[in-house]
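What follows is a short report on a single structure.
The values are calculated or read from the model by the stated rules, or taken from the named source; none is laboratory data. It should be emphasised that the depicted structure is a prediction, and the values quoted were computed from it without experimental measurement. FYI the Cβ positions are ideal-geometry reconstructions off the backbone, even for glycines, and counts take in every protein chain you see.
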Amino acid sequence: MPISTQEFELLLKANRILSSTLDINNVLHSVLELATEVVHAEASALLLLDEKKNELYFDVALGSAKESVKEIRLKVGEGIAGWVAQERKPLIVNDVTQDKRFTQRVDKSTKFNTRSILAVPLLTKGKMVGVIEAINKKEKKPFLESDREVFEIFANQSAVAIENARLFSEVTHEKEKLDLVFSQMQEGVLLLDNQGDILLINQKGERLLGLAPNKVVGQQFGKKIFPDFDSGPSWADIEKNKSGAMAFDLVRTKGKDLFIGMFGQRLESGGFIFVLRDLTEQKKGERLKSDFLSLMSHKLKTPLTVIMGYAPILASDADKLEPMQQKAVEAIGIQAENLAGLVDKLLSFSIVESVNLDQKREEKSLSAMLNGAISHLRYVLDSVHGVVELSPEVSKLPPLRVDENLTIEVFRNIIENGVKFNNQKEKKIIIKGTRDGQLVSIEFIDNGVGIPPEEFEKIFEKFYQVENSFTGQVPGAGLGLAMCKKVVEGMGGKITVQSKVGTGSNFRVLFPVS
Ligand code: ADP
């Protein structure tokens, strides 16, 4: 039977109402209210499917008993609604007393008297959302096939509206969660799309870059949006980046010092996500340390040279001096030399810090550099009963593209530490070399005091020394390994340590094959 004009208008009205909101509560209430209107029923019920439990429940209800109704749950298969959900078919029951499928549970709770039911499944894209029922056709009439047709169309509209509102609320909920995480983060977050336009920036990111809230979304990443900073890479530079991960600093050029570390990762979409960190304190600290180092070493060097120049002159006339004066002159000479050694270390460290390690790199033989380091240490080794064993396979390894002098200095430091932090009678260092693909690995295995695991990383920091109580009073500045790390990493390599206290240490230097 064709749909009447009046019914058609009602369906249009329903469609208009249902598509005017994405609020799930509004949608459900509208469905419930419209359901009675479209088929002239006294009441209606809307049951949603709980997929996990395979049960139907009343999320919304109207009338005085609405709260108690909400507690009722029907198993799929139970009652008229349960049957409709199970069979996914509409059903008209014009006298519920004559239908075994009918359950009294809902009526008992609502004190409502159900006579007739028109129930249809709410289906969208083949998915069951729930069941909608029109209850008691007005004027005690029966529900007809034409009512079913209209109600099915209405159910389809309703199912789509419910599903859309649900998806929207899921997305909104996810977005709220993400917004919360981003807003609480200690670091700034900046998300760019595949055109380099800003998709998202959190509060911390806006604050770090000095941006007004909610102003830059949609704008292209670049100097235009943070004019107070030095330029940093443009989107074109970022896009060209092959590795997928990149890091750079943005430095504020106006006002107080501000260094922002930008750590980025390419996304599958072609966009980029950046984490922004305030590195000002760290950078200032580094600058202060290296300024201090170069100042100290240059200012100390001149007076020391004078002392070291005069001390031997005084000593050469020792016979004219009192015994006490002789002792003093001798001590001045020895201590000045110790101090000069320390100053040299400081100086070479500050040079390594400021120099571009790439400039003086050439292909050099590994075994020649190791032998060079050993011969520099000949005097030290002999004086402490130190033995260095260089494995023959080292000579078969390919040459390395390195700064020769600095690399020898690295090896010298590691070998010297191996005998310095060593209480054995015979202080032994074995040097092994292996090739692993594109890497050459050089191992220095000593039989010294060893290093506790919690110190493995710290010993590579500037001025760090393991507690004296542990290693014994050994002179040094705690700069050797910091210098080694700086040099090795500056030439594309890596330095690590493994050790067992009381047994010895194993320092490993990795260099890429040239
Ligand atoms: P320094 O030798 O001037 O003390 P380093 O930077 O060379 O400074 O070493 C830092 C610290 O690491 C040392 O003070 C020592 O405690 C520990 N260390 C370094 N090499 C060894 C080693 N081979 N065995 C045991 N401890 C070591």
For a quick check of your reading: which helices (runs of 4 or more DSSP H) sit entirely within the stretch 1-102 and have at least 1 residues that are hydroxyl-bearing (S, T, Y)? 5-18, 24-38, 66-70
For the stretch 414-443, name all the residues that are within 12 Å of the ligand (Cβ to nearest atom), of a type outside the set (S, T, N, Q) and under 18 Å from G502 (Cβ atoms). G418, V419, K420, F421, K427, K428, I429
Residue by residue through the stretch 487-514, note down the ones that are exposed (fewer than 15 other Cβ atoms within 10 Å of the Cβ), of a type in the set (D, E, K, R) and within 16 Å of the ligand (Cβ to nearest atom). E489, K500
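Among the strands (runs of 3 or more DSSP E) lying completely within the stretch 376-460, list those that include at least 2 residues that are closer than 16 Å to V513 by Cα. Let's see the steps before the verdict.
Numbers: elements: 386-390, 400-402, 427-436, 439-446.
In the stretch 376-460, 400-402, 427-436, 439-446 are the strands (runs of 3 or more DSSP E) which contain 2 or more residues that are closer than 16 Å to V513 by Cα.
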In this structure, does S395 turn out to be of a type in the set (S, T, N, Q), more than 12 Å from the ligand (Cβ to nearest atom) and free of Cβ contacts under 8 Å to residues at least 24 places away in the same chain? no
Only one of these conditions is not met by V352: (1) within 30 Å of L199 (Cα to Cα); (2) of a type in the set (A, V, I, L, M, F, W, C); (3) touching an Asp or Glu at 6+ places or on another chain (Cβ under 9 Å). Which number is it? (1)
Only residues in the stretch 408-426 that are basic (K, R) count as the first member; pair them with residues that are within 11 Å of the ligand (Cβ to nearest atom) and not in a helix (DSSP H, G or I), Cβ under 6 angstrom, at least 6 apart or cross-chain, and list the lot. K420/V474
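Does I313 satisfy the criteria of being at pLDDT 80 or above and loosely packed, with under 14 Cβ neighbours inside 10 Å?
Yes; evaluated as a whole, the condition is true for this residue.
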Considering each residue of the stretch 141-184, count those that are of a type in the set (V, I, T) and over 28 Å from S269 (Cβ atoms), and give that number. 4
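How many of the residues making up the stretch 272-287 are buried (at least 16 other Cβ atoms within 10 Å of the Cβ) and within 15 Å of L191 (Cα to Cα)? Outline the logic, then answer.
The initial filter retains those residues of the stretch 272-287 that are buried (at least 16 other Cβ atoms within 10 Å of the Cβ), namely 272, 274-280, 283.
From the residues that got through so far, the ones that are within 15 Å of L191 (Cα to Cα) too are 272, 274-277.
Residues meeting the conditions: 5.
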Here are some conditions: (1) surrounded by fewer than 18 Cβ atoms within 10 Å (Cβ to Cβ); (2) free of Cβ contacts under 8 Å to residues at least 40 places away in the same chain; (3) within 14 Å of G264 (Cβ to Cβ). E187 meets all but one. Which one does it not meet? (2)
Failed item in (1) over 30 Å from L479 (Cβ atoms); (2) surrounded by 14 or more Cβ atoms within 10 Å (Cβ to Cβ); (3) modelled with pLDDT under 90, with K240 passing the rest: (2)
I need the full set of residues from the stretch 123-136 which are in contact with an Asp or Glu (Cβ under 9 Å, 6 or more places away or on another chain) and of a type outside the set (S, T, Y), in order please. K125, K127, M128, V129, G130, A134, I135, N136
Qualifying residues in the stretch 465-485 (those that are within 6 Å of the ligand (Cβ to nearest atom), assigned to a loop (DSSP other than H, G, I, E, B) and at negative phi) - the one modelled with the lowest pLDDT: A477
